[in-house]
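Reading through the structure tokens given below for one structure.
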Amino acid sequence: MRICICDDDPITVECLSNSINTFFKKNHIKISALSVFQDGNSLLKDQGPKDLVFLDIEMPELSGIHVAQQLVKLNKDVIIIIVTSYAEYLDDAMKLRVFRYLSKPIDEQRLFRCLKDALELYSNTMATLPIETKDGVYTVRTSHIVSVEAVDHKVIVHTIDKDYHTVQNMQYWLDKLPSGMFFQSHRSFIVNFAHVTGFDHSLIHLYHDQFTAYLTRRKYTAFKNAFLLYLETH
């Protein structure tokens, strides 16, 4: 996991760097890389991976909002934490579905909670599962799975790239998929909260409305509560 800090304020950079290193040391986790950038241009020109980015809003030349938009285009799985003194940018930041919003000066305990949640999200995002079909075995990221559907004694794994007709049954997927991220909305459907774009009492819309899944009425409340909890924590 590579962590990037993009901020032109040296005091904030030093504070974030020290606190991040303290968090990883306390939790006995080895930090793979921590890189610092003073402006958005240098961050975007950098060719290395950007897994978790602490991004200031007010910077010379390019605003943090513009930089965040470009980062998401380059890597939809990037985890962005906005760091700023300007609360008026919150609405624009939320439209990008940034992971968290931290106000300056940085509260270290809140930062630690953000890092804990970010690591959990990163782990779920990067996790992979094998999909076994009659033609072979394919490995896909868990986060790229939109839904799992049972149709006529067959199981189809819908991903953002393609569909896989798997020989693994629904129980296999219920056991393997992380429960905080996936929900069995119907006996024939398991859906990924990350790709839910809307739902009513009988139907769930997924991945820009390219997929749908049934939602049983008796599971509506449980699904709604689990989905809202997912949104709150992610």
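Is one or more of the residues making up region 216-232 assigned to a strand (DSSP E or B), modelled with pLDDT of 95 or more and of a type outside the set (Ser, Thr, Tyr)? No: zero hits. Quick check, is SER19 over 22 Å from the mean Cα position of the chain (by Cα) and surrounded by 15 or more Cβ atoms within 10 Å (Cβ to Cβ)? Here the answer is yes, as SER19 does meet what is asked. Candidates LYS73, LYS50: the one that is on the phi < 0 side of the Ramachandran plot and without any contact (Cβ under 8 Å) to a residue 12 or more places away in the chain is LYS73. For region 152-183, filtering for residues that are open to solvent by less than 50 Å² (accessible area, probe 1.4 Å) and in a strand (DSSP E or B) leaves 9.
As a summary of the residue check, LYS30 satisfies the conditions (1) within 22 Å of ASP117 (Cβ to Cβ); (2) in a loop (DSSP other than H, G, I, E, B); (3) in contact (Cβ under 8 Å) with a residue 24 or more places away in the chain except for the one numbered (3). Per the conditions (1) over 30 Å from THR159 (Cβ atoms); (2) loosely packed, with under 13 Cβ neighbours inside 10 Å; (3) at pLDDT 95 or above, the sole criterion not satisfied by PRO130 is (1). Being surrounded by 12 or more Cβ atoms within 10 Å (Cβ to Cβ) and part of a helix (DSSP H, G or I): is that true of TYR122 here? Judged against the criteria, TYR122 is a match.
This table checks each residue for (1) in a helix (DSSP H, G or I); (2) in contact with a Leu (Cβ under 9 Å, 6 or more places away or on another chain); (3) open to solvent by 50 Å² or more (accessible area, probe 1.4 Å).
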residue: THR12; (1), (2), (3): yes, no, no
residue: PHE24; (1), (2), (3): yes, yes, no
residue: GLN47; (1), (2), (3): no, no, yes
residue: MET59; (1), (2), (3): no, no, no
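The values are calculated or read from the model by the stated rules, or taken from the named source; none is laboratory data. The shown structure was predicted, so the numbers you read here are calculated from the model rather than taken from an experiment. Heads up, the Cβs are rebuilt from the backbone with ideal geometry, glycines too, and the neighbour counts pull from every protein chain shown. The area values use the complete protein model at the heavy-atom level, side chains included, leaving out ligands, DNA and RNA. Shrake-Rupley method; radii C 1.70, N 1.55, O 1.52, S 1.80 Å.
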